[in-house]
1. Which numbered condition trips up residue 54, out of (1) away from the ligand (no atom under 13 Å from the Cβ); (2) without any contact (Cβ under 8 Å) to a residue 40 or more places away in the chain?
2. Within region 359-378, does at least one residue satisfy the condition of being under 25 Å from residue 44 (Cα atoms) and surrounded by 17 or more Cβ atoms within 10 Å (Cβ to Cβ)?
3. Restricting the search to region 1-52, which residues are in a loop (DSSP other than H, G, I, E, B), at pLDDT 90 or above and either outside the structural domain of residue 207 (by TED's automatic domain parsing) or under 23 Å from residue 215 (Cα atoms) (or both)?
4. Is it the case that some residue within region 74-81 is of a type in the set (D, E, K, R), more than 29 Å from residue 345 (Cα to Cα), within 12 Å of the ligand (Cβ to nearest atom) and assigned to a loop (DSSP other than H, G, I, E, B)?
5. Could you check region 254-282 and list, in sequence order, the residues that are closer than 16 Å to residue 410 by Cβ, away from the ligand (no atom under 16 Å from the Cβ) and out of contact with any Leu (no Cβ under 6 Å at 6 or more places or on another chain)?
6. Kindly provide the set of residues from region 7-46 that are within 21 Å of residue 245 (Cβ to Cβ), of a type in the set (A, V, I, L, M, F, W, C) and away from the ligand (no atom under 16 Å from the Cβ), ordered by number.
Amino acid sequence: MPGIVIIGAQWGDEGKGKIVDHYARYADIVVRFNGGNNAGHTIVINGKKIILHLIPSGILYSRIKCVISEGVVVDPKVLLEEIAMLKSSGYFRDDKNLLLSRNAHVIMPYHKQIDILREEQKGAKKIGTTGRGIGPAYEDKVARCGITVRDLSDRERFKSKLSEIIQEKNKYIKQVLGGEPESFDKIFEEYADFGEKIGKYICDTQDFLYSASAKDKNIMFEAAQGVLLDVNFGTYPFVTSSHTLAASACIGSGVSTFFIKEVIAVTKAYTTRVGGGPFPTELTGSEGDMLRERGCEYGSTTGRPRRCGWLDAVLLRHVVRLNGVTGLAVTKLDVLNELRTLSICNAYKLNNREVKNAAASDVLDNPAPVYEKIAGWMNDISNTKKYNKLPPEAKRYLKRIEELTGAKVIFISTGPSRNNSIILRNPFK
Ligand code: IMP
């Protein structure tokens with residue numbers, strides 16, 4: 001059976017948590033393959049909100065195995081807190097349901113300090129990172145001086161690696177960033193203890209996924225962030241430090257590219273962005289405020305207000321092509337319920353030319369969005385369960401998204417709860 005990748009088609013926060021939660025019922029395994037606790041996946045069950053930053057949302061089903069694979073950077077403190085939260089909420093009763101790659105890299109206290117101090121130094125030019133140490137942890141991985149989960153779980157190896165690394169980090173923190181040096185003893189004791197506590201979850205996740213794929217298990221890969229934040233293909237340098245494309249499911253977890261059969265891209269019915277960087281369809285006035293309030297657009301990781309704007313079909317079309325998207329999940333359609341007229345950006349005015357196709361990096365040249373207007377439905381669609389029962393204007397809006405992007409809508413979310421969903425196709429069947 002298939003491997004399915006769920007990606008974010010915008011700048012993150014598209015509502016992937018709910019979509020993963022829905023399709024997880026058909027999966028045997030759910031894998032997180034990129035990013036770290038900069039992500040926040042929100043799931044609402046029976047009115048109770050659960051926010052997961054690291055553990056795949058498949059953990060809410062007792063029969064699903066959840067994998068945190070090689071491509072993820074893991075803050076062990078956050079992982080342990082998340083495990084405790086899940087257990088106290090009545091989930092995750094079997095420790096065997098979580099598998100943590102021994103090769104995943106660890107976010108250390110100095111990564112967080114460097115992330116925050118660098119942002120402070122940049123002032124107005126800051127990226128607007130989540131301050132969780134994500135970028136510095138990936139930097140160390142690539143610079144070959146990172147600490148892996150395997151290192152953390154071996155006291156002696158951890159001691160020797162940390163003692164080498166900390167001197168250089170402290171020099172940088174003190175002399176370049178003007179911060180307070182980190183204490184070796186404090187970090188060592190605290191993190192060696194974390195290493196022991198997470199020991200029962202550590203394994204060779206690549207081997208586990210290989211065996212599962214050979215047995216035709218249903219595996220769902222859950223991307224963190226969104227494609228427009230990809231370090232290669234996003235609005236660089238206003239990006240995260242990992243790969244957020246569907247293709248990175250393979251690199252980040254070690255499954256074969258042949259195993260991936262479907263790529264489902266999750267997009268809001270409008271657009272949001274948190275942090276700095278260009279955003280052509282941003283609405284800075286009262287319309288943006290209205291979307292933010294109706295859509296409760298405040299970050300689930302940092303609580304920051306999200307920037308809001310109209311749907312950008314130019315970038316969405318690019319994301320569909322770049323990832324071989326086989327289905328679109330459109331979320332938060334209900335947020336547009338009361339609008340008389342909607343706008344969709346279908347082209348950019350770039351260097352005095354109107355272009356229909358553009359990449360995320362073109363957005364750095366500040367293109368002007370070209371909009372088409374579509375009539376709103378002015379009706380509450382939150383409890384609509386069937387596509388045919390949607391108002392004609394809502395169907396027209398969805399059809400137009402399909403026409404402009406070339407991808408079929410397979411899931412429509414009309415509210416935060418599992419019940420507020422219109423399901424058109426199941427990629428696992
Ligand atoms: P970092 O990933 O913390 O380094 O932040 C880099 C950029 O990615 C910033 O603009 C963040 O706001 C953004 N970002 C990182 N993770 C998420 C996410 O899960 N949702 C939305 N934006 C994110």
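The values are calculated or read from the model by the stated rules, or taken from the named source; none is laboratory data. Values in this document were obtained by computation on a predicted structure and should not be read as measured data. Don't worry about glycine lacking a Cβ; one is built from the backbone with ideal geometry, like all the others, and counts go over all protein chains shown.
1. (1)
2. no
3. Answer for region 1-52, where residues must be in a loop (DSSP other than H, G, I, E, B), at pLDDT 90 or above and either outside the structural domain of residue 207 (by TED's automatic domain parsing) or under 23 Å from residue 215 (Cα atoms) (or both): 27, 28, 33.
4. So far as region 74-81 goes, yes, one or more of its residues are of a type in the set (D, E, K, R), more than 29 Å from residue 345 (Cα to Cα), within 12 Å of the ligand (Cβ to nearest atom) and assigned to a loop (DSSP other than H, G, I, E, B).
5. Correct list: 261, 262, 263, 264.
6. Residues satisfying the conditions are 27, 29, 30, 31.
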